1. Mind giving me the nanometre distance, one decimal, between the label points for residue 661 and residue 20, set 7 Å out from Cα along Cα→Cβ?
2. Counting DSSP beta bridges with both partners in the chain, what percentage is antiparallel, nearest 5?
3. Strictly greater than 23 Å: what percent of every Cα pair in the range 141-235 meets that?
4. Calculated from DSSP H runs of 4 or more alone, at -39500 (n - 2.57) each and per residue, what is the 222 nm mean residue ellipticity of the chain, nearest 500?
5. Quick check: residue separation of residue 471 and residue 518 times 0.36 nm, minus the Cα distance between them. What number comes out in nm?
6. Provide the net charge surrounding residue 558, with neighbours chosen by a C-beta distance below 11 Å and charges set as Lys +1, Arg +1, Asp -1, Glu -1.
7. Summarise the long-distance tail of P(r) for the chain by giving the % of C-alpha pairs beyond 35 Å.
8. Please sort 526-538, 650-662, 744-756 by packing, taking for each peptide the average over its residues of neighbouring beta carbons within 10 angstrom, highest first.
Amino acid sequence: MTSRSLWNSLRQAGLARVLLVYLGVSFAVLEAADIFTDQLGLPGWVFPGALILLVLGLPIVVGTALVQARGVSRPKPSAVPPDVADREPLRPEPAPAAGTESAVAMAARRWLTWRKAILGSVIAFAFWGLVVSAYMTMRGLGIGPVGSLVAAGVLDERERIIVADFHNNTSDPLLGQAATEAFRIDLSQSTIVTVVDPAHVSRVLVRMQGDPHQPLDRELAREVAIREGIKAIVVGDITPVGGGFVLAAELIAAEDGRLIYGHRETASDSTVIIGAIDRLSKGLRERIGESLKTIRANEPLDRVTTASLEALRKYSQAVRVIEQGDNERGITLLEEAVALDTAFAMAYRKLGVSLSNIGRDPARRREALSKAYEHWDRLTERERYLTLGSYYSMVTGESDKAIAAYQSLLDIQPSDPWALNNLAILHLEARDYRRAALLFGRAIEFDSTGSLRYGNAVEATAALGNFSEAEQILQIFAEKFPGHPDVPRVSARLASARFDYAAAQAQVAALREAQRASPLWQLGTSSMLAEIAEVQGRLRDAERHMRDLMTVAEEQGQYGMYIGAAVKVALYDAMFRGRRDRAISAVDAALDRYPLSSIELLERPYGLLALFYAFVEQPERARMLLAQYEAAVDPQVRNVARGEEDVVPGVIALADSRPQDAIAEFRRADRGPCPICLLPLLGQAYDLAEEPDSVVAIYERYLNTPWLGRLGDADWYALAGIYERLAGLYELRGDRERAAQHYNRFIELWRDADPELQPRVQAARRALERLLQEASSDARG
């Protein structure tokens with residue numbers, strides 16, 4: 001269509017048709033403005049600006065349509081007939097006077113033309129595009145009041161920022177805490193800055209010899225930031241005004257306290273405070289320089305937390321007290337939060353993880369993580385992937401899906417320390433120790449404030465046999481976290497992995513003394529001290545420590561743990577002293593005291609009890625317990641909580657003198673992070689099958705495979721017997737050197753064993769002396 005035909009079509013169109021076309025064009029323009037705003041991250045005022053231009057253009061379009069339609073409807077002069085052409089011309093009528101209706105109409109037709117209307121629209125929208133382009137350019141280059149702080153060089157991308165406690169000017173003492181936590185959650189969604197973990201701030205305060213639990217006001221936050229080399233802090237306040245509230249946030253330079261940027265929002269009442277905090281955080285993120293597209297992609301704050309201010313108060317309190325080490329109080333507050341908002345996914349996730357960290361109530365932990373998964377759409381993007389990872393690894397046992405979830409989070413945030421840590425744990429469980437060590441190292445590199453990552457890194461590094469590197473990581477751990485109880489705990493495990501039990505005992509004894517007021521640590525240290533005594537044949541000392549553990553477990557209502565400790569004490573009689581009947585009576589008495597039916601389902605030690613009865617040659621009782629476990633516990637739960645239950649069929653096969661079946665069962669059950677746990681039982685099966693070469697190979701592999709948890713996993717009962725058996729097998733082979741080496745190790749290990757075990761030590765001494773005499777005779781001969 002030519003331009004002339006276009007103008008003619010417009011002149012001939014009626015008003016209704018013009019309005020219909022204009023509405024269609026307006027819809028297309030607004031749709032384009034909306035798409036460009038979302039896809040290109042344009043400012044929010046682009047769409048209303050386009051709407052205003054279209055509204056202003058509407059009367060012009062209507063006027064032009066009316067004027068041009070009137071012009072078209074005027075009668076055109078008819079053609080002059082030929083016979084009239086020669087007549088005397090008609091006298092022209094006089095022209096209308098200026099200012100008459102015809103003159104106005106002519107002026108209107110001259111100005112209100114479609115050409116000018118369309119050209120004016122093009123110019124208006126071109127100017128609007130120029131304004132938007134200028135804004136985006138200035139923002140991107142950090143120019144003027146609209147320039148981003150990152151582009152202006154005030155802050156770096158991924159800059160660390162400390163969020164100080166909001167100053168609370170209201171009469172509600174918890175409102176400031178809730179506002180601070182909500183603001184921190186929303187700001188943590190940012191891709192342009194990194195919010196410093198409050199736990200890290202607490203550790204800095206400890207190093208500053210201050211109270212780690214004191215309120216983090218403006219000046220204290222500045223002091224922490226300067227000490228840590230952090231450029232800026234965010235301070236906020238909430239003030240009641242009439243029936244509503246004014247919320248303010250200020251970005252402050254840590255070094256000199258100058259204001260970098262400030263932003264305010266209002267809330268008409270307490271029910272809309274969360275929405276105001278959402279707008280406050282997003283305004284700050286926009287000014288710092290985060291993409292508007294990214295900001296808009298985040299769910300509203302009340303959607304990813306809770307619309308209940310009271311539930312948010314409980315959650316923020318829980319976060320605080322858990323950071324202070326009061327897990328029990330924190331769990332109670334989280335339970336109250338989810339009771340107020342049964343779809344509060346973030347609180348459910350925190351509850352599940354907190355229960356997991358202290359090893360309590362596995363049924364409630366599964367339920368909480370399942371609830372978080374059920375409401376995953378009410379989580380921030382980061383929390384969503386972390387929840388998926390926890391759910392798949394701890395609830396359904398689908399490790400491949402858990403790995404995919406953590407990897408998806410790392411695709412978005414490559415430096416997320418918890419995604420790296422949790423992904424590393426999954427690789428550790430798959431025995432990919434090299435990959436696990438690499439990921440733990442990256443997690444520490446990106447965020448050195450998480451204590452848990454150091455212990456995990458030590459474990460993965462030690463599994464590779466790099467003990468010197470593991471020592472270096474442990475040293476850094478101790479320097480960064482002085483007084484942290486995990487430092488001596490990991491130190492003790494590392495020492496025992498290198499068979500240095502004196503050093504391990506010193507570390508555990510110091511830890512026990514430092515944590516005397518903690519029932520949790522009293523349980524842990526009692527168990528570790530018992531293991532150190534067990535491996536050295538000091539069964540009386542081990543039994544004393546286990547009795548201490550049973551007392552504390554009973555006081556804490558941990559009856560499943562009480563039964564487990566009773567089984568272990570009974571094994572001293574069955575495995576080392578040859579008192580099988582006494583062992584069975586002791587376990588039966590413990591079960592009479594606390595029947596399995598009185599214990600929470602997922603805390604019942606079915607597997608351990610089945611192993612015990614299989615070992616003391618009561619396979620029918622073992623089978624019965626295994627059948628009870630399979631009937632009572634959901635298959636999905638069994639898939640996640642794989643443990644002793646998987647080993648029971650192999651031990652039953654040993655008791656039934658079916659060594660080949662036992663070998664097959666042990667190999668089937670050999671999975672999980674521990675590379676040595678089933679090797680002692682596998683060696684026994686090969687011994688029963690009279691395959692001595694396989695026994696030697698299995699036992700040598702056991703001794704030479706590095707593993708941080710070897711003492712508690714197997715050495716406590718197996719190490720002495722393996723030294724003793726290898727010595728005998730090498731002697732039968734005629735390999736006196738290796739036989740003597742293992743006799744020596746056994747004698748040294750049980751040097752201070754209980755008197756009732758000393759006959760075995762004396763027999764080893766005599767065998768060693770015989771080997772040495774034979775070697776001496778051969779040398780003289």
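1. 8.6 nm
2. The antiparallel proportion sits near 70 percent.
3. When all Cα pairs of the range 141-235 are counted, 31 percent exceed 23 Å.
4. After summing the helix terms and dividing by residue count, I get -21500 deg cm²/dmol.
5. Residue separation times 0.36 nm, minus the Cα-Cα distance, leaves 14.2 nm.
6. -4
7. Looking at the chain, the distances longer than 35 Å represent 61 percent of pairs.
8. Descending mean neighbour count gives 526-538, 650-662, 744-756.
The values are calculated or read from the model by the stated rules, or taken from the named source; none is laboratory data. Keep in mind that this is a model prediction, so the values were computed, not measured. All Cβ positions, glycine included, derive from the backbone under ideal geometry; neighbour counts span all protein chains shown. With ligands, DNA and RNA removed, areas are computed over all heavy atoms of the protein, side chains included. Shrake-Rupley method; radii C 1.70, N 1.55, O 1.52, S 1.80 Å.
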